[in-house]
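Reading through the structure tokens given below for one structure.
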Amino acid sequence: MMKFATAAIAVLLLSTSAIAATPSEQFTSLSDSMWKWQQAEDAQEKRDGRWQESDHLPDVTPAAWERRRARWEADLKALDAIDQSGFSNEERINAAIFRELLLQNIQDAKWKTYEAPLNSDSFFWGGLSRQDGYTNADDARRALKRMADTPRYFAENIANMRAGLKRGYSVPQSSLKGRDATLVPYTDPGPSNPLRAAFDNMPADLPGRAEILAEADKLIREKVAPAYANVLTFMRTEYMPKAIKSVSARDLPNGAAFYQDRIRYHTTLDLTPDEIHQIGLKEVARIDADMKKTMADAGFTGTFPEFLDFLRKDPRFYAKTPQELLNYTAWINKKMDGKLKDVLGLLPRYRYTIKPVPDAIAPIYTSGRGGLEACWFNTYDLPQRPLYNLTALALHECNPGHSLQAALALEGPDRPDFRRQTYFSGYGEGWALYTEWLGTKIGMYETPYDEFGRETFEMWRAARLVIDTGLHAKGWSRQQAIDYLTAHTALAPLDIANEVDRYISWPGQALAYKLGEIRIRALRAKAEQELGDKFDQRPFHDYLLAMGSVPLPVLEAEMTRWINDQKAKLGR
């Protein structure tokens, strides 16, 4: 009797506590609980104040995904039941981000995107690789346990991919060509396996270093290399031959609806393929006129195709060695350092480094990619890496683009973990593309060729709107997409092929860049018009970046509010 009475009292206390909790407390409890649970699901643990890799790899079985989907759907229902009318502005932003995050996770589970855990330049088997050495024994031993878990994790992904093949859902065959080669170095059972590099680079005086190296060698020989070899066999004998031959998302199961969902997923905007295609055509025409003017400024009197041919062939525009390209890039980044005071009021302390893209993935990798720790530049096939593109590329990927943005997010205001670590492409890629244009305002492009490089990069992102929707909604072929990008940009042929394969294998993702940049530039133009000579780009940029990564509708609402607040302070 006493046992049941005690249980009843406990339930009553819990109910009373839930009733007493304010809407703000309810939201905090919900979002904190979900994020901690999701990090555990993603095999992450919190160390030194940051979520980092745990000692195992995620469970990617269909049962795990269905379990997650049930949790996300329940959390979405709970979120929508909370009365947000009394939320502060910061809380409203938190709730909007949390809701978008839940929706994206639910949609991934609904469409079973885990059945294609790769695209043309990112692969489920790439997450184990690391170049930097482990700096402490605990991190190294966690890595050893992840390596031991590799056969199970790879087997689950293979099973998912087989299920995708069975229902006609896979990465298109054309964008898989050569991607199997990225597996080959990891099938080496000896010390040349790339996974050993992070152990080789451990400090010489690291306690237990010899034992850790011996265990790494044993795991590579007995578990890791065989697991990679199994994936390689699967890719070559089963997946690549059976992958869909179409290059269009509309030919996937329920393809038109899937592509519309991917547009919403990657851009956070409710735009149709036709609307985006028309935006792209308009931008392509505008930038085309700019490029032809820059061609005239360079003193070139031939045709536009002749100018592109000249740029692709003249040796003055190409580095002779990988180190020369990296040195040139480092100079651009240092030059930008001297101009940051004119762009931002708040600068991060965290610093990135510059590295070459690893040889194992360089042939099929993009020209550059920025991140918190490093900014990577591709030095493979130097005749395909024009120097006149590097200023725009460095601004976008490194400074003040992705690497600086990531550092500001790390050091930003004290906010919920889910907000500090969630990334929305429209915001992040929109800012990075905006910084390429920003370089025109601060003297970063010294020659007409550098400016043409910027314009060709802008054209590249505008053409994506046309090509992505062309491929996935209008029946374009791969060659048609390649021809369109070749005719409108000075990108190298290798980059063009790799880019088109990326759009084919990752529907909708490439749309985020230009759609995000268009909105940021429109918001800046609005601020300049309404604030007049009182407009200062530094607080404008500071507020935009301090917001952290947000859905584009939230960005527009917040920046409009900031503009109105500035007007009110000026009495306008």
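Could you work out the relative contact order of the chain? I mean the mean sequence separation of Cα pairs under 8 Å and 6+ apart, divided by the number of residues, in percent.
Details: 766 pairs, mean separation 90.4, N = 572.
Rounded, it is 16 percent for the chain.
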In straight Cα distance, which lysines are under 18 Å from Lys245, not counting same-chain residues fewer than 8 positions off?
Lys166, Lys177, Lys474
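What does the helix-only formula give at 222 nm for the chain: each DSSP H stretch with n ≥ 4 adding -39500 (n - 2.57), the total divided by the residues, and the result rounded to the nearest 500 deg cm²/dmol? Numbers along the way, then the final one.
Numbers: 23 runs with 335 residues, N = 572.
Rounded to the nearest 500, it is -19000 deg cm²/dmol.
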Amide H contacts of Ile354 (H built 1.01 Å from N, under 5 Å, at least 5 apart or other chain)
Cys375
quick shape note, the chain: Cα extents on principal axes in Å, largest first -> 97, 70, 54
Overall form of region 320-448 per C-alpha gyration tensor (a/c, 1.5; a/b vs b/c)
oblate
Debye calculation, C-alpha points only, no solvent: report log10 I(q)/I(0) for region 395-536 at q = 0.12, 0.17, 0.18 Å⁻¹, in the same order as the q values.
-0.59, -1.05, -1.13
How far is it, in nm, from the label point at Glu238 to the one at Glu306 when both lie 7 Å from their Cα along the line to the Cβ?
5.6 nm
Accessible-area composition of region 94-187, carbon plus sulfur, in percent [1.4 Å probe]
50 percent
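Given the Cα-Cα distance of Ala522 and Leu281 and 0.36 nm per residue of separation, how much length would full extension add, in nm?
On the way: separation 241, 0.36 × 241 = 86.76 nm, distance 1.81 nm.
Once the chain is fully extended between Ala522 and Leu281, it gains 85.0 nm.
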Carbon-plus-sulfur fraction of the accessible area of region 459-560, 1.4 Å probe, in percent?
53 percent
Could you check what % of the DSSP bridge pairs in the chain are antiparallel, to the nearest 5?
70 percent
With θ set to phi - 60°, apply the Karplus curve 6.51 cos²θ - 1.76 cosθ + 1.60 along region 533-543 and write out the HN-Hα couplings as whole Hz, x wherever there is a Gly or Pro.
6, 8, 5, 10, 5, 5, x, 4, 5, 4, 5
Candidate lysines for bridging to Lys341, where Cα separation is under 22 Å - those fewer than 8 sequence places away on the same chain excluded
Lys441, Lys534
Quick calc of log₁₀ I(q)/I(0), region 432-486, Debye, one scatterer on every Cα, no solvent, q values 0.17, 0.18 1/Å, result -0.61, -0.65
Enumerate the lysines that Lys320 could reach by cross-link, defined here as Cα to Cα under 19 Å, with residues fewer than 8 away along the same chain left out.
Lys355
Spelling out what I want: for every residue of region 164-169, take phi, set θ = phi - 60°, compute 6.51 cos²θ - 1.76 cosθ + 1.60 (Karplus), and round to whole Hz; glycine and proline get x.
x, 4, 4, 9, x, 10
Within region 180-196, which residues have the backbone N less than 19 Å from the label spot 7 Å out from Arg209 along Cα→beta-carbon, could you tell me?
191-192, 195-196
List, in order, the whole-Hz ³J(HN,Hα) value for each residue of region 453-466 obtained from phi through the Karplus relation with A = 6.51, B = -1.76, C = 1.60 and θ = phi - 60°; use x for Gly and Pro.
x, 4, 5, 5, 5, 5, 4, 3, 6, 5, 4, 4, 4, 6
Hypothetical label at Phe535: residues of region 431-454 whose amide nitrogen lies under 16 Å (7 Å Cα-Cβ projection):
434-435, 437-442
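Rolling a 1.4 Å sphere over the protein heavy atoms, what is the accessible area per residue of the chain, to the nearest Å²? Mind dumping the intermediate values first?
Working: 24650 Å² over 572 residues.
On a per-residue basis, the chain sits at 43 Å².
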Suppose each label sits 7 Å from its Cα in the direction of the beta carbon; what would the Phe87-Lys245 distance come out to in nanometres?
5.0 nm
With bins of 10 Å, the percent of all Cα-Cα pairs of region 189-234 per bin from 0 is 27, 49, 19, 5, 0
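The values are calculated or read from the model by the stated rules, or taken from the named source; none is laboratory data. Because the structure is predicted, anything quoted here is derived from the model rather than measured. FYI the Cβ positions are ideal-geometry reconstructions off the backbone, even for glycines, and counts take in every protein chain you see. We work out accessible area using only protein heavy atoms, side chains counted, and drop any ligands, DNA or RNA first. Shrake-Rupley method; radii C 1.70, N 1.55, O 1.52, S 1.80 Å.
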